[in-house]
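K.L.:
This is the structure I want to talk about, given as structure tokens.
The values are calculated or read from the model by the stated rules, or taken from the named source; none is laboratory data. Quantities reported herein were computed from a predicted structural model and do not represent experimental measurements. In this analysis, Cβ positions are derived from the backbone assuming ideal geometry, glycine residues included, and neighbour counts consider all displayed protein chains. The area values use the complete protein model at the heavy-atom level, side chains included, leaving out ligands, DNA and RNA. Shrake-Rupley method; radii C 1.70, N 1.55, O 1.52, S 1.80 Å.
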Amino acid sequence: METTQDYVMVSLKLLGALGLLIYGMKMMSDALQKMAGPQLRHILAKMTTNRLTGMLTGTLVTSAVQSSSATTVMTVSFVSAGLLTLSQAISVIMGANIGTTLTAWIMSLGYNVDLSNIIFPAFMLGIILIYRKRQRYVGDFLFGIAFMFWSLIMLSAAGKELDLEHNEAVVAFFASFDTSSHLTILAFLAIGTVITCIVQSSAAVMAITILLCSTGVLPIHLGIALVMGENIGTTATANLAAMGSGLEARRAALAHLMFNVFGVFWVLCVFYPFVNGVCYLAGYDPSVSEQATRLPVVLAMFHTCFNVTNTLLLIGFIPQLERVVRWLLPQKTETTGDGQTLKYIQAGPMATPEIAVFEAEKETNLFAERMHAMFAMVTQLMDDTHADSFDEKYAAIEREEDISDKTEQAIADYLAQLSNDHISDTTKQKIRQMLREVSELESIGDACYKIGRTLARHRELSLAFVTSQSDNLHMMRDLTNNALQQMCKVMHGHRSEHNINETYRIENEVNLLRNRLKEENIQAINNHEYSYALGTLYFDIISEMEKLCDYIVNVVEARFGK
């Protein structure tokens, strides 16, 4: 008979094996996402044209990265960034639920097949590839999958050491539950949900469920109830990720929860016939003893049948599910206040680095649009002659300049946090480019504010520009506005779709105009066409617009990687 000390040691082995399982799956998932890099987002964006392709995309991506949580968090991030619509996200999430069933099959394989002969060669090959930097992500993937299978072997060994099937107290405890009662099934479903929410890993709870069933201690009906609870509990990850996100992202996460809850509801209505059907497919007869080794396959089969059937039932009702989610989370009229809140970069758990970079890129593009809008405010200020409206517009420019400083800092801090992660060289390069972009965009905001301040000074002195000065200011203003429009075009499109020479052409025109106006201004002051003070204020505005165009060129060059 096992002593208490023996049970403690074996329990510690179990906990260690579970930790290794979670780490191995995360390592494998992260490595695959880094290998795919930006292609993951392009796949999700381009292959979701209808509900069927969206579902298939979710299935394939989740099967590849071995994490439905990773896929759903990515999907929530894309909805938040406006890359996917809510209906597209729902179809991807449905597919992710099917793709995640592969994990259960891998685990059942680990319990039924001796994989120890391939684990250590995988470790050896993995470490070689990790030190060869070009293939380090392949090495990480091999390490992750080796850790995962090693943990399954350790779990199986620890289960045998526990020898639960010969422990009368444990057998009597599980035997005391009435498996024919729906209340018992509901209780174990709740247990599975709570545990999965706590450990944030349905794979770990699935491993424990398979372990208990394979020893013959946990009846198959209670094991399946735990699996159903895991399906609800795993939605907690996406809902946590969506907490600090926008409304559409929260709706996508809620749709994930509703989809799984609906599936559990209808399975509970036909629980025993459905489970019997799954057992028949898996070649398992609950009335025959000595079949415990088949139970991991039964659990994997149930997980697959449950998610596939649930998807087939609901895929035709995505528009209706979308309407229900929108009704539960309605659009609220919200004041933006001082506009300091970032739109795409949200608080809460960070998505995978590649997805987080995409969010930062969207935020940077929005920053560029705000700077263009800020310059439009400056142009309005140039034409304003009414005292009250002038003061109001100048105050708005001051607020916008303060917001631009905070936006730059927020994006830079986010990118710095990202750069501390283990990221690909391509992602590192993107982060460096964006850090340069936001710095130059903030300088555009400073230039706009300086122009506004000069115009305010011009008004305080009660000076008026002569006709030639006004015409020249309008020419410079139009060129600067063209440069900003071209910058925003480049920021929103792929660099292969644009030519940097257009920005250089506008910049060349600005420089030529600035040089000509400088000479004309000196000559006009010497000819006493207007005062030195007016000429100084006038050319300060011209110079600041020319500097602003220099910053625009720097932004575009950063986007082109120059």
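K.L.:
Can you tell me which residue is nearest to THR480 (Cα to Cα) among those in region 551-562 that are open to solvent by 20 Å² or more (accessible area, probe 1.4 Å) and in contact (Cβ under 8 Å) with a residue 60 or more places away in the chain?
P.N.:
Among them, the one singled out is TYR551.
K.L.:
Kindly provide the set of residues from region 251-283 that are open to solvent by 60 Å² or more (accessible area, probe 1.4 Å), under 31 Å from the mean Cα position of the chain (by Cα) and not β-branched (Val, Ile, Thr), ordered by number.
P.N.:
Within region 251-283, PHE262, PHE265 meet the criteria.
K.L.:
Select, from SER443, SER439, SER468, the only residue that is within 18 Å of PHE560 (Cα to Cα) and among the small types (Gly, Ala, Ser).
P.N.:
Result: SER439 is the single residue among SER443, SER439, SER468 that is within 18 Å of PHE560 (Cα to Cα) and among the small types (Gly, Ala, Ser).
K.L.:
When you look at GLU509, is it of a type in the set (Asp, Glu) and outside any loop (DSSP other than H, G, I, E, B), yes or no?
P.N.:
For GLU509, the condition - of a type in the set (Asp, Glu) and outside any loop (DSSP other than H, G, I, E, B) - is met.
K.L.:
Can you tell me which residue within region 115-126, out of those that are surrounded by 13 or more Cβ atoms within 10 Å (Cβ to Cβ) and either of a type in the set (Gly, Ala, Ser) or under 29 Å from the mean Cα position of the chain (by Cα) (or both), is nearest to PHE147 (Cα to Cα)?
P.N.:
ALA122
K.L.:
A follow-up question, please. Scan (1) part of a helix (DSSP H, G or I); (2) out of contact with any Phe, Trp or Tyr (no Cβ under 8 Å at 6 or more places or on another chain); (3) surrounded by 15 or more Cβ atoms within 10 Å (Cβ to Cβ) for the single condition GLN523 breaks and write down its number.
P.N.:
(3)
K.L.:
Is there any pair with a first residue in region 132-151 that is closer than 16 Å to PRO121 by Cβ and at pLDDT 80 or above and a second that is of a type in the set (Lys, Arg) and surrounded by fewer than 18 Cβ atoms within 10 Å (Cβ to Cβ) whose Cβ atoms are under 9 Å apart and which are 6 or more apart or on different chains, and what are they?
P.N.:
GLY139/ARG132
K.L.:
Would you check which residues across region 138-151 are under 24 Å from the mean Cα position of the chain (by Cα) and open to solvent by less than 30 Å² (accessible area, probe 1.4 Å) and list them?
P.N.:
Matches in region 138-151: ASP140, GLY144.
K.L.:
Can you tell me how many residues within region 460-480 are hydrophobic (A, V, I, L, M, F, W, C) and assigned to a helix (DSSP H, G or I)?
P.N.:
So the count comes out to 4.
K.L.:
Give the residue, chosen from LEU44, LEU15, LEU52, that is within 21 Å of THR100 (Cβ to Cβ), at pLDDT 65 or above and assigned to a helix (DSSP H, G or I).
P.N.:
Residue meeting the stated conditions: LEU52.
K.L.:
While we're on this one: Scan region 127-137 residue by residue and report those that are among the aromatic types (Phe, Trp, Tyr) and open to solvent by 90 Å² or more (accessible area, probe 1.4 Å).
P.N.:
Of everything in region 127-137, just one residue is among the aromatic types (Phe, Trp, Tyr) and open to solvent by 90 Å² or more (accessible area, probe 1.4 Å), namely TYR131.
K.L.:
Okay, moving on. Can you go through LEU548, LEU484, LEU537, LEU479 and tell me which one is in contact with a helix residue (DSSP H, G or I) (Cβ under 8 Å, 6 or more places away or on another chain), farther than 24 Å from SER439 by Cβ and open to solvent by less than 70 Å² (accessible area, probe 1.4 Å)?
P.N.:
Of LEU548, LEU484, LEU537, LEU479, the one residue that is in contact with a helix residue (DSSP H, G or I) (Cβ under 8 Å, 6 or more places away or on another chain), farther than 24 Å from SER439 by Cβ and open to solvent by less than 70 Å² (accessible area, probe 1.4 Å) is LEU537.
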